[in-house]
Structures are given as structure tokens and as C-alpha cells.
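Working notes, structure below.
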Amino acid sequence: MPKQIITLVSVGGLYFALILLLRNFFSLEHLAFVVGGLVGIYVPYLDSVIYVYALRPHEVSSQRVANMVAQSKIGQAAEFISRTNSERSKLVFHSALFQSIFAIFAFFVMSSSSNQLGRGLVLGFLLHYVVLQGSELVKGHTLSGWFSDLHISLTQQASLFYWLIHFGFVVLLGLNF
């Protein structure tokens, strides 16, 4: 998880800095936008908490995490979740269906809200997906796991196309807020 967190913070910091520079936003008012973005990058990690405590509490790995948390071994639990992440295929937030619905929600937030914190939060959330899926593509994987609930299997080329559309959407949302 540390490498993934470093990547997310680096890409997120660069993304939000570029938006601020390109839009000439240099006031303290826009600090809430950056804070919301950095918080939004981490919100998808709640998916694992939902999985452990609500979706699959009966699984052995979920019980191990719950025991570690009960013993106040939060760091070990987070490291264990990171190490066994590939075992969890039914994550709520990490699916193409949820991602598509959230993208529509994000568009409405970005186009109708003036709340800088909320805008940053939804952009950070979407950016998390772009970075995560981009790293999967760099490793040579497809994004078929994101479509497993829809019973769709993607080729490498289709995965790249899907990712480019999502990447472009996140860039356009960020530059037009």
C-alpha cells in the first residue's frame, strides 16, 4: 500500500496543482478544493472496510482484519488488506457500474455546486480510479475485474479505450470547474 499511496498523493498533488495554476486560483478559498481532493483520493479505500464489516464478514480474511482492529493493530490490518487486495473481487466502489454512476454524480456536483471542498472531493475520488486503473494497465492487466458484475470481459485495447475516456473526463471536469 505505501507505493500505491505515494503514487496517488504524487499524481493527486500534481493534478490539483496544475488545475490551480491553469485556472489562476491562488487564494485561500481554493485550499478547500485541494484538501477535498486529497481526502477524495482516500475515500475509495472505505470499500475494503465495507467489504470486511458488511459484505463478507464471514470470510477468513475479513475476520482476521476485524480481529486486528479489535486489538488496535490498525497498521497491520491496513497492510494485510493491501497485501490481500486481489482476493476481494466484490468491492462496491471498485466496479465499472459504480464508477459510471459516480461519474454522473460528479458531473452534477461540479456543474451545480460552488462548494470547493465537495468539488475537490469528487475529483479526488475519480482521480483515484484513473490512477488505479492506469497502474493496472501499465502492469499489462485488463480492466475486466472492474466489469465482473456486468459479466463483461475486456481486451487490453478495450481496457485502454475505457481508461482514456475516463481519464479525459477527469481532466475536463478538473479544468472546467
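The values are calculated or read from the model by the stated rules, or taken from the named source; none is laboratory data. Quick caveat, the model's predicted, so the values are computed rather than measured. Don't worry about glycine lacking a Cβ; one is built from the backbone with ideal geometry, like all the others, and counts go over all protein chains shown.
Overview of values
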item	result
Residues within the stretch 26-45 that are surrounded by 16 or more Cβ atoms within 10 Å (Cβ to Cβ) and either of a type outside the set (Gly, Ala, Ser) or at pLDDT below 85 (or both), tallied	8
Odd one out for residue 65, checked against (1) without any contact (Cβ under 8 Å) to a residue 40 or more places away in the chain; (2) touching a helix residue (DSSP H, G or I) at 6+ places or on another chain (Cβ under 6 Å); (3) surrounded by fewer than 16 Cβ atoms within 10 Å (Cβ to Cβ)	(3)
Residue match in the stretch 72-79 (condition: within 19 Å of the chain's Cα centre (by Cα) and touching a residue at least 40 places away in the same chain (Cβ under 8 Å))	yes
Residue in the stretch 89-100 that is more than 30 Å from residue 20 (Cα to Cα) and either touching a strand residue (DSSP E or B) at 6+ places or on another chain (Cβ under 9 Å) or assigned to a helix (DSSP H, G or I) (or both) present	yes
Any hit, the stretch 110-129, residues being buried (at least 17 other Cβ atoms within 10 Å of the Cβ), touching a Leu at 6+ places or on another chain (Cβ under 9 Å) and closer than 16 Å to residue 3 by Cα	yes
